[in-house]
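Right, one structure below, let's go through it.
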Amino acid sequence: MHRIFAFFELHKITPNMFYTLIAIQNEKRPSIMNVHLEIRHLKNAKLITDNNKLSAKANELIKEGLKILDSSTPTVEQSQDMIRTYIELFPAKKLPSGKLARSAYKNIENCFKWFFSNYDYSWEIILKATAYYIDSYEKKNYLYMRNSQYFIVKTNPDKTRDSELANYCEIIQSGIDEENDSFFKEKVV
């Protein structure tokens, strides 16, 4: 997602201008915005001609922008493989809480739909964060560890939702080491 915004900034266009270019290319009229304002901006940027035809530069921008959008959206097959990989990171056993560590595939898939609609982390960061989370709880014999479903999203009694996965993704992305292993290691009698 960050790549498309960098693309917009680099070429000094807005998402609405890009949407208008695609609409012109497909001979459709955008219905959810003030198209006249966008056309005026596109003419000033020399992306469309006076008779509202795309310039060569506009065609290149569309091609480049769509390529970025297509590459940033994982296919269904890629997501299925990543979800299976995610589930397999969790131990195949019951946690001390009595819940199974691995939840059903469909439950995880629905949780990730919610997660991706609220957060913008890559699968690479998600898997690293999950491995880090599981490793940190393995040392404690999985005591108080959330199962694979509740790690992604948990609905609180007040109907708010939180994501421990998002917290751990932030730890991985920012490079913060949450644990300090040297803290109170010695036994005091």
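Along its three principal directions, the equivalent ellipsoid of the chain from the Cα gyration tensor extends over semi-axes of 47, 18, 14 Å, largest first. Here the sum of -39500 (n - 2.57) over DSSP H runs of 4 or more residues, divided by the residues of the chain, equals -17500 deg cm²/dmol at 222 nm, to the nearest 500. Stretched out straight at 0.36 nm per residue, the stretch from Lys94 to Thr155 would grow longer than its current Cα-Cα span by 19.8 nm. Using a cutoff of 8 angstrom between alpha carbon atoms and counting only pairs six or more residues apart, the relative contact order for segment 120-177 works out to 39 percent. The spacing between segment 84-144 and segment 21-70, judged by their C-alpha centroids, is 42 Å. For segment 2-72, a crude dipole built from +1 on the beta carbon of Lys and Arg and -1 on the beta carbon of Asp and Glu, taken about the Cα centre, is about 120 debye to the nearest 20. Highest mean packing comes first when the peptides 46-53, 61-68 are listed by Cβ atoms within 10 Å, giving 61-68, 46-53. Positive-end ranking of Ile176, Asn16, Asn52 along the dipole of the chain, with charges on Cβ about the Cα centre, is headed by Asn52.
Given their separation in residues at 0.36 nm each and the Cα-Cα distance between them, Asn141 and Trp114 gain 6.8 nm when the chain is fully extended. Only one residue of Phe115, Met82, Ile126 has its Cα farthest out toward the positive end of the dipole of segment 42-144, where Lys and Arg carry +1 and Asp and Glu -1 on Cβ, and that residue is Phe115.
A Cβ-based charge dipole, computed about the Cα centre of the chain with Lys and Arg at +1 and Asp and Glu at -1, lands at about 540 debye. State which entries of Lys113/Lys154; Lys99/Lys139; Lys67/Lys113 exceed 21 angstrom in Cα-Cα distance in the structure shown. Correct reply: Lys67/Lys113. Taking a ≥ b ≥ c as the square roots of the eigenvalues of the Cα gyration tensor, segment 76-174 is rounded, since a/c falls below 1.5.
Read the figures in this text as sums done on the coordinates, not as results from a lab. Small disclaimer: the values here were computed from a predicted structure and weren't measured. So basically every Cβ, Gly included, is an ideal-geometry build from the backbone, and we count neighbours across all protein chains shown.
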